[in-house]
Amino acid sequence: MFLGAGLRVGHVSNKVIGRDRRQPYGFLRSVQGVVCACADNAGFLRALQKCRTRIRAPFCCPGHHGQPEKLWPPLREVLDRERHALVTLDLAEQPELDNLQQPTGILRAVQERAAAVFDTVHTFFLVNGSTSGILAALLAVCSQLGQDPSRFYALVPRNAHQSVFHALALTGLHPVYLTPEVVDSRYDILGPVSESTIEAALVAFAPQVAVVLLTSPTYHGFVANVRSIAARCRRYGAWLVVDEAHGAHLGFSPELPQSARQMGADLVVQSTHKTLMALTQAAMLHVPCGSRLAVEDVAEAVRMVSSTSPNAWLVASLDATVAALADTPWCQAWFERACTLGQAIRRRLPTLPNDDATRCCLLLPDDIDGFLFDAHLLDHYGVYMELAGRATSTGIVTGANDASHVAILEEAFTALTTDSRLRGTRESRVHTLRPMDSVQGVFRAASCTLRVSLHQRRRWCPLQHAANQVASATISVYPPGIPVVLPGERIDPPLVSYLLDASRCGCAISGVHGPEQHVAVVDDVPPATRCHQAP
Ligand SMILES: Cc1ncc(COP(=O)(O)O)c(C=O)c1O
């Protein structure tokens, strides 16, 4: 991901102090160490068990946080009664269990129930995360175009999740990258893309804009003004898809912001597993009331990206989540707990002011490295946060948390921020690796579609000679793990200096290979159909 890169330091081993200065983030490599150490028979199974025992205070996905006692009681009862439920209820293709690809019985009924609870025209259950929802959403939009999608633009935040870029590669839509707002440059915090940026891009590219894709809320809990953006999209004839992967809980409590499904989006994708209580991978694609897309067209797109063997437990966990949300007293207590605990963290620890009370972004003292801090949180205190940043550590609070988790977090934060081993660990050079360095102006059209650049014959070019070439793969720097180049983007000369500099500093760069630092580029790029750069 663009900023923060979904880097989950919770997976690192406990050998993090005493880093090699040439490879200051070398502790990330120890991730492989953990895997290798367990890579005997059923190594992953054992690693999974071991991991579970380390967590004392979960502030990470999934939203149930591995706390069965906090689950909706009827679900808990099934788990208690069916001691081996994972296996005994792993049923597929029984006639009474219906078919998620073509639901006519129970799965039709439970998705209708979901639509009622989420107040949508239709809600699709997904078993391959928001990733599949985003692929399906852009495929559904393309089914409306009636022409080669490469003649149309998709306006997307440059820091969108990788699934958005993969959807662009699959559909062939021509990307226009939008620059998100910088909320706090000191902490590298980006917000959603502003209405004015979207308006400017719509003016420049309409009527060829097929779709605007928004990420809202952001990883750090900032919510876009979806209502106003939706109105603009309608005015310019563009569909609005909202990646609400981190906002499945929105709209269910007066203390939380509204969801995009309530604010005029055409399609909304949510990772039910991230902030509600479904199992990992279980997600939803909503067709909200007032959507300009037909449910049948979306259904066909969902079918294209879905397994024909959906895991019954994933589906059941979505169904149980819907039932829990419909159980008003239980649901109120769940969200009240989440919001109260989120507020308690805000009161006791330095946090970023954001829109979502349940997304707590801890602000670290100036000289403490956030990645190292997160690794210590897990290793020494069992606190499992969701996302490490250079200067922040972000956690997800849900109704599965309790006051003891907050107390552990507070104790750990106080101890670690005064721990002399962590002071002075933030690398000053990382300050030069700004999230927005790769995006100039307010928006920028890619020089060709991601599909074209991925399907061109690749050439491997030494990084130092790569200026003005067009990349055919993503290049990202850790930290902060930002794709500084996407397939189809031209590698600007300053970007080459920046990457060479980052490499000299010992930063890990993905997409750059071998001692000669080769990067994948494409030769025969068709001339850009339109290439705009905002002032
Ligand atoms: C903004 C955003 N969108 C989409 C996704 C994909 O979600 P999933 O993991 O449910 O496929 C993620 C995952 O982290 C994300 O952060």
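The values are calculated or read from the model by the stated rules, or taken from the named source; none is laboratory data. Just so it is clear, the model here is predicted, and its values are computed rather than measured. Heads up, the Cβs are rebuilt from the backbone with ideal geometry, glycines too, and the neighbour counts pull from every protein chain shown.
L155: assigned by TED's automatic domain parsing to the domain that holds L250, buried (at least 18 other Cβ atoms within 10 Å of the Cβ) and part of a helix (DSSP H, G or I), yes or no?
No, not satisfied.
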*Return the residue satisfying two criteria in turn: it lies in region 331-372 and is in contact with a Pro (Cβ under 9 Å, 6 or more places away or on another chain) and among the basic types (K, R), and of such residues it is nearest to A320 (Cα to Cα).*
R359
_Residue that is farthest from G264 (Cα to Cα), among those in region 176-197 that are in a helix (DSSP H, G or I) and in contact with a strand residue (DSSP E or B) (Cβ under 6 Å, 6 or more places away or on another chain)_ = Y187
*Could you check S306 against (1) within 23 Å of C60 (Cβ to Cβ); (2) within 21 Å of the chain's Cα centre (by Cα) and say which number it fails?*
(1)
*From (1) β-branched (V, I, T); (2) at pLDDT 95 or above; (3) in a helix (DSSP H, G or I), pick out the condition that doesn't hold for V164.*
(2)
*For the subset of region 38-51 comprising residues that are surrounded by 14 or more Cβ atoms within 10 Å (Cβ to Cβ) and hydrophobic (A, V, I, L, M, F, W, C), which member is modelled with the lowest pLDDT?*
C38
*asked:* Any residue that is touching a Leu at 6+ places or on another chain (Cβ under 6 Å) and either of a type outside the set (A, V, I, L, M, F, W, C) or in contact (Cβ under 8 Å) with a residue 40 or more places away in the chain (or both) - is there at least one of those in region 318-325?
replied: yes
*Read through the list (1) buried (at least 23 other Cβ atoms within 10 Å of the Cβ); (2) part of a helix (DSSP H, G or I), then give the number of the only condition that R347 fails.*
(1)
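Conditions tested, residue by residue: (1) modelled with pLDDT of 95 or more; (2) surrounded by fewer than 20 Cβ atoms within 10 Å (Cβ to Cβ); (3) assigned by TED's automatic domain parsing to the domain that holds F118.
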{"position": "P353", "(1), (2), (3)": "yes, yes, no"}
{"position": "L363", "(1), (2), (3)": "yes, yes, no"}
{"position": "L387", "(1), (2), (3)": "no, no, no"}
{"position": "T398", "(1), (2), (3)": "yes, no, no"}
_Failed condition for A57, given (1) under 25 Å from H286 (Cα atoms); (2) away from the ligand (no atom under 16 Å from the Cβ); (3) surrounded by 18 or more Cβ atoms within 10 Å (Cβ to Cβ)_ = (1)
*Which ones in region 215-230 are more than 22 Å from H273 (Cβ to Cβ) and out of contact with any helix residue (DSSP H, G or I) (no Cβ under 9 Å at 6 or more places or on another chain)?*
none
*Could you count how many residues in region 200-211 are touching a Lys or Arg at 6+ places or on another chain (Cβ under 8 Å) and either under 29 Å from T392 (Cβ atoms) or not in a loop (DSSP other than H, G, I, E, B) (or both)?*
2
*Members of region 86-135 that are under 17 Å from D319 (Cα atoms), within 16 Å of the ligand (Cβ to nearest atom) and either of a type in the set (A, V, I, L, M) or in a strand (DSSP E or B) (or both)*: T123, F124, F125, L126, V127
*asked:* Suppose the filter is at negative phi, in contact with a Ser or Thr (Cβ under 9 Å, 6 or more places away or on another chain), among the polar types (S, T, N, Q) and at pLDDT below 95; does Q101 pass it?
replied: yes
*Give the residues of region 158-176 that are more than 14 Å from the ligand (Cβ to nearest atom) and surrounded by fewer than 24 Cβ atoms within 10 Å (Cβ to Cβ), sorted by residue number.*
A169, L170, G172
*Residue count, region 64-85 (criterion: assigned to a loop (DSSP other than H, G, I, E, B) and closer than 19 Å to P329 by Cα)*: 3
